[in-house]
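Asks: Sharing a structure, written as structure tokens. Questions coming.
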Amino acid sequence: MNNFEAQAYQKDGGVIWLSLSARALRDESGAVFGFEGIVEDISLRKQAEAELRKNRERLNATYSQAAVGISEVDMSGRFLDVNDRFCEITGYARADLLSTRFQDITHPDDVQAEAELFGSLRVGEIDTYRLEKRYIHRDGPVIWIELNVSLVRDDSGQPSYRVAVVQDISARKRAEQAAEDARQRVEFLAVSSPIFLSGSVDHEGILQQLTELWVPRIADLCAIDMLEDGDGTLRRMAVMHRDPAKLKLARELQERYPLRLDDPRGAGNVIRTGQAEFYPAIPDELLEASARDDELLEILREWGLKSAICAPLSARGKTLGAATFITAESGRVYNRDDLEFIEELCNRAALAIDNARLYEAQQKARTAAEGAQQRLWFLAEANAVLSSSLDLETTLARVAALAVPSLADCCVAHIFPGDENDARSAISHIDPSKEQLVRQLHSRYVPAPDEPHPLMQMMHSQTPVLVEDIDEAAMAGIVRDEEHREILYKLNFKSYMAVPLIARGRLFGALTFATSAERRYDQQDLSLAEELARRAALALDNARLYEDSQRVQEALRVALEAKDEFLGVMSHELRTPITAIYGGTRVLRSRGERLDDESKGRLLEDIEQESERLFRMVENLLVLSRLELGQEVATEPVLAQRIIGKLASSFKQRRPARPLILDVDEEMDPVAAEPHYLEQVLRNLLTNADKYSPFDGPIEIETRTQNGEAEIVILDHGPGIAPGETETIFERFYRSDRTSTQAAGIGLGLTVCKRLMEAQAGRVWARPRRGGGLAVGVTLPIYKEAQHDV
């Protein structure tokens, strides 16, 4: 028997522990003849063992019932032992944990960080470490723990296992996160306040600023949709995405898939109901219900949308629009706190937007009132300016100048050519150096009736035309050549108006307005231009009437002077031949029997010449009177060479001493003329040449044919005319200074020639002759069978 332990009583009654060892004593034959034993007092050891057992039991109770989780993990990470609290924290049973590693229940994002610390612990770089990390609970949610780890080594100093003490700090973390979220929200509201309180009238700018502020702080994608005030339609006003490529696609999608107020989900539904939509998670079923076609559904799936909130933008009891917040790349999941925060953001944003709209409406109303006042002042000034003169040119220039620069950078006042007026215009430009360009534009490139020019559109419709924005396409339709394009490029007109000038129911002109700056005309500008045009038309028409009356008065004055002059001249001119005829006949009657034949012949010749002169004067007056009364002249084929021969024969009989040289084409084709009028014209021209030629100076008559016309020219060697008189000698009663004293006359002969030639579709002309003298000719068309009477 060895190490048998038993209790024994001491003499004083105390109990001690003894360790007994005994063996039998045997003789040579093997028979037992006695025993030998050793007794050892082991009371102290037994007492120590009892104390150790009590400590172990207490330690086991503490381990199992501790308020913190405790785990023992081998060097590979496998759990060796866990206490109850550790199982409670992680949600796993002890048996499940003892078959796993700590890495299996650690959040993937935290595995590497602990692995590095555990490696440092194992190699002795550190004795312990402390770490806050996340476990994945058996039921799925993430829990936060505080981990304190120490290493246990064996007797040889080699790492044996580690002991970890775990505390669940999820509640603290949630509180800290809630506090941090609250701090960030307060800070975010503080950052947003300058936008909410900016007082900007650009509410669209506010919306864009908000989306840029919200992404990526609280969303990966944000969009703001507003109700239009005018027609109640829904329009996306701002959109922002953290990925620029997806932002571009988002803007393309909003064009392809416009929002509708009757949409069952999203902004349309939120605006209709005034209630937010909250999707902590976005299932595929929701994407299928929201997408309008397969292509959009595929795009939404590719974007990996995670969570969404769509909140109304409401202010003063009215829903203005909705803001949509979506997460994707960030993986953020919205909760109720986020919903409340976003609703608060949207309420503040809506108030800022509504204030901006109200301020904008107030500013517009003020601007409109100021504009109306300015227009009244402008029109009042226009009235004063337009009524200050009755001179047409002055009024026209003032009309153009009135609009610059208050209404236009360039204004042109046009008066169209008419029966009584020539075309006129006045130009005013804010840059005087460009007025010449405008003149070139209107003189060289007058719009054709079939051109798509705004001025032509105005003339055809007799209504104002507004071109709010002059684009390249519109320019291409009216540009004729590179010079035209260059002028338009230099003028750089951006907006254009053409307004008719109408008076007494008749269109007689137009006002055109153009801007070359960023200003664009609108209907309000057109209305002001129309009002200015009405007043300008009245002023210009009054000026035209005044000018016409002045012209009539001047014409009447000239006519009265001409009448007086004519009566004076006619009295003088008639007196001379009548006196000669009367005197000659008196002499012949009273003393004819006593006069010789030569004296009688001279008296009869004088009477004949003066009678012929008197006849021509009366004939010219009658012809001129008939033509001015509008008498039509019928033409027929006439052999001009025969009429010339007849006149030459008669002239030679009357003026035998005057050389008359004929260079006449006897084969000349007939001309279209009235024979008696042609003869009268040629007689007047021949008589005129005879009257002003030297006594023995020859007179020449030439004919020629070219370009379908026949030309008859009478040339003399008289005093001729000055170069500036080639047209004036055909005016009524005109007498040249260099010939008026040389021969008598009233200045009607050449006037009659001109009117007679015009009535026959011909013309008469005169030019100085080289070497002295005058060449006067008539030109008539060669007669054609198909030609109609003129």
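The values are calculated or read from the model by the stated rules, or taken from the named source; none is laboratory data. Note that the coordinates shown come from a computational prediction; the quantities given were computed from them, not determined experimentally. Here the Cβ is made from the backbone with ideal geometry for all residues, glycine too, and neighbour counts use every protein chain on show. The accessibility values were calculated without ligands, DNA or RNA, using every heavy atom of the protein model including side chains. Shrake-Rupley method; radii C 1.70, N 1.55, O 1.52, S 1.80 Å.
Asks: Could you give the nm distance between label points at Glu605 and Ala289, where each point is 7 Å from its Cα heading toward the beta carbon?
Replies: 13.2 nm
Asks: Accessible surface of His442 in the full protein assembly, 1.4 angstrom probe, to the nearest 10 Å²?
Replies: Accessible area, nearest 10 Å²: 60 Å².
Asks: At R0 = 51 Å, how high is the FRET efficiency between Gln208 and Ser443 if r is their beta carbon distance? Nearest 0.05 is fine.
Replies: Working: r = 49 Å, r/R0 = 0.97.
Calculated transfer efficiency: 0.55.
Asks: Something else about it: DSSP loop (so not H, G, I, E, B), at most 14 other Cβ within 10 Å: list which trypsin sites (Lys or Arg not before Pro) in region 63-140 pass both filters.
Replies: Working: sites: Arg78, Arg85, Arg94, Arg101, Arg122, Arg130, Lys133, Arg134, Arg138; in loops: Arg138.
Counting only loop positions with at most 14 other Cβ atoms within 10 Å, the trypsin sites (Lys or Arg not before Pro) in region 63-140 are Arg138.
Asks: Okay, moving on. All other residues with a Cβ under 10 Å from the Cβ of Ile427 taken together, and with Lys, Arg as +1 and Asp, Glu as -1, what is their net charge?
Replies: +1
Asks: Between Ser99 and Ala361, how many nm apart are label points set 7 Å from Cα along the C-beta direction?
Replies: 7.2 nm
Asks: First select every other residue whose beta carbon is under 12 angstrom from the beta carbon of Ala115; then total the charges, Lys and Arg +1, Asp and Glu -1. Display every interim value, and only then the final one.
Replies: Working: positive: Arg101, Arg122, Lys133; negative: Asp110, Glu114, Glu116.
Summing Lys and Arg as +1 and Asp and Glu as -1 gives 0.
Asks: Now a separate question. Rolling a 1.4 Å sphere over the protein heavy atoms, what is the accessible area per residue of region 10-149, to the nearest Å²? Each step should come with its number before you reach the end.
Replies: On the way: 8730 Å² over 140 residues.
Heavy-atom SASA per residue in region 10-149 reads 62 Å².
Asks: What GluC sites (Glu not before Pro) does region 452-551 have in DSSP loop regions with at most 13 other beta carbons within 10 Å? Intermediate results must be reported in sequence, preceding the final value.
Replies: Values: sites: Glu468, Glu472, Glu482, Glu483, Glu486, Glu518, Glu530, Glu531, Glu547; in loops: Glu468, Glu518.
Here the GluC sites (Glu not before Pro) that fit, given the DSSP loop and packing criteria, are Glu518.
Asks: Moving on to the next point. Shape verdict for region 290-337, please, from the Cα gyration tensor: rounded (a/c under 1.5), prolate (a/b greater than b/c) or oblate. Could you put the intermediate results ahead of the total?
Replies: On the way: a/c = 4.02, a/b = 1.53, b/c = 2.64.
In terms of gyration-tensor shape, oblate.
Asks: Another question about this same structure. Classify region 223-330 as rounded, prolate or oblate from the Cα gyration tensor: take a ≥ b ≥ c as the square roots of its eigenvalues, call it rounded if a/c is under 1.5, otherwise prolate when a/b beats b/c and oblate if not. If you can, show how the numbers build up before the last one.
Replies: On the way: a/c = 1.65, a/b = 1.46, b/c = 1.13.
In terms of gyration-tensor shape, prolate.
Asks: Got the relative contact order for region 23-179 handy, in percent, Cα pairs under 8 Å and 6 or more residues apart?
Replies: Values: 230 pairs, mean separation 28.3, N = 157.
In percent, rounded to a whole number, it is 18.
Asks: Calculated FRET efficiency, Gln254 and Ser461, Cβ-Cβ r, R0 30 Å, to nearest 0.05?
Replies: Numbers: r = 39 Å, r/R0 = 1.31.
Taking R0 as 30 Å, the efficiency between Gln254 and Ser461 is 0.15.
Asks: For Thr515, what is the net charge nearby, where nearby means another residue's Cβ is under 12 Å from its Cβ and Lys, Arg count +1, Asp, Glu -1?
Replies: Working: positive: Lys494, Arg519, Arg520; negative: Asp409, Glu468, Asp469, Glu518, Asp522, Asp525.
Charge balance near Thr515 sits at -3.
Asks: Ignoring ligands, DNA and RNA, please state the percent of accessible area on region 68-133 from carbon and sulfur, probe 1.4 Å.
Replies: Numbers: 1500 of 3210 Å².
On region 68-133, the fraction of accessible area on carbon and sulfur atoms equals 47 percent.
Asks: Using a simple charge model, +1 on the beta-carbon of Lys and Arg, -1 on the beta-carbon of Asp and Glu, nothing else, what dipole does region 35-185 show about its Cα centre, in debye to the nearest 20? Spell out each step's value before the answer.
Replies: On the way: 22 positive and 28 negative charges, 98 e Å.
Dipole about the Cα centre, nearest 20: 480 debye.
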